[in-house]
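What follows draws every value from the coordinates through simple rules; no lab data is involved. Because the structure is predicted, anything quoted here is derived from the model rather than measured. Positions of Cβ are generated from backbone atoms using ideal geometry, with glycine treated the same way; all protein chains shown enter the neighbour counts.
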């Protein structure tokens, strides 16, 4: 058998295997053949195991195992582990890959699932296991990116705070007396809390200027307000961008500013519940109600 494998002689291997084993394990012969003759160096292999799975890359060449002390023959590949995951497989593996991991064969060709394997590797390396809220947040952000204006972004903030029970409003812009900047302000009377938000429909990164704007606004409010000492104020920068610059993070830490990126904001929107009716539809409904009321008079 070793000679047949070394010569890559499939027919000879088949005959020898049948002569030695045959019977009940006849169908499993190709698992050994694939392992020794079809798999090549740099191939990527998925190894299912209890409590998770590994993805490895084959290194060197297959060799007769030195670890076997029984009469049967054994072969081994040296591998480099790409990922080694312990936990629910569905955190990183797609449905199709999960299904294939249940295969009873020792070896199986999963070239058709190459994209699923690459996705699992990327999810693992990025530390982003599959999560329905996260996936929905990414789709939400994609849609807002394609269709939402900066004004619409502020409206989404307004809607979010309203659903949390706040009395929220978009503040006037371009005031000559304005110090700093705040786009949306939400008041929670029962909590004695006001949240002031600087909103940025940015892409890529948001810098420290946004943090400075809300910081200046907060400082000016302290000087001008004679508010109840039992009232609390907190200040946010909500950006559509993926991340904040290091200087923005540092300035936020120094001034107690909460930073929320686009992905986390979309998660907040989904958790609060999205409005399924468009603004234009709402306007149509209002016009119909108005006409009916006018007719009744």
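For region 39-127, the alpha carbon convex hull comes to 112 Å³ per residue, rounded to a whole number. Shown for 229, 95: other C-beta atoms within 10 Å of each C-beta, ranked fewest to most, produce the order 229, 95.
Its relative contact order, with pairs defined as Cα atoms under 8 Å and 6+ residues apart, puts region 39-127 at 24 percent.
In terms of other Cβ atoms within 10 Å, 33, 203 run from fewest to most in the order 203, 33.
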